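Here's the structure we're looking at; comments come further down.
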């Protein structure tokens, strides 16, 4: 990986926490559109800090293309709510793989989700679908199922190439689970406040 690619990995992981669309008190993981918007925002902010431009839904309807000032494609980005192992319903990885064969200089980036119970199967599916000689950077949000809702646990970043993959980094998927941060402090205060309000409400009902 070159420096700019490493910068993108670091920026995506860091900016993932910025303007986070849910709170520990009001969690609504199941709204797919919310996460689509959040991912698009993270990609654009990262591209801005790298000095590049972001174009959405361009070039064979790629979710996002990060371009240089000379309008050369620097990275092509796809994201998908459905897990990679459901290959009949997911074509984003194959689309990136085909695009990489036509434009090998552009970085390929995939953002997806993985049930922790089937994480190995999801990674194997990405590996199987990625047939380009180039490199694929995959940001994978792991989750647990609680009731009928996804509950995010970790954000893991992988590099796929030549039929192999490696873990580049991992972090908490929820900002308030990052220890010794202001996010955790604010979340704890909000939970205590919400708990106190609930107790007052219960007393009024009596």
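The values are calculated or read from the model by the stated rules, or taken from the named source; none is laboratory data. Everything numeric here is computed off the predicted structure, so don't read it as measured data. As a convention, Cβ positions derive from the backbone with ideal geometry for all residues, glycine included, and neighbour counts pool all protein chains shown.
Quick notes on this structure:
- Residue check for residue 183: modelled with pLDDT under 95 and surrounded by 12 or more Cβ atoms within 10 Å (Cβ to Cβ): yes
- Any hit, the stretch 140-161, residues being loosely packed, with under 11 Cβ neighbours inside 10 Å, at pLDDT 95 or above and in the same structural domain as residue 26 (by TED's automatic domain parsing): no
- Note on the stretch 106-194: enclosed strands (runs of 3 or more DSSP E) holding 3 or more residues that are more than 23 Å from residue 7 (Cα to Cα) are 136-146, 149-161.
For (1) assigned by TED's automatic domain parsing to the domain that holds residue 168; (2) closer than 24 Å to residue 173 by Cα; (3) exposed (fewer than 14 other Cβ atoms within 10 Å of the Cβ); (4) without any contact (Cβ under 8 Å) to a residue 40 or more places away in the chain, each residue gets a yes or a no:
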residue: 45; (1), (2), (3), (4): yes, yes, no, yes
residue: 56; (1), (2), (3), (4): yes, no, yes, yes
residue: 62; (1), (2), (3), (4): yes, no, no, yes
residue: 73; (1), (2), (3), (4): yes, no, no, yes
residue: 89; (1), (2), (3), (4): yes, no, yes, yes
residue: 120; (1), (2), (3), (4): yes, yes, yes, yes
residue: 127; (1), (2), (3), (4): yes, yes, no, yes
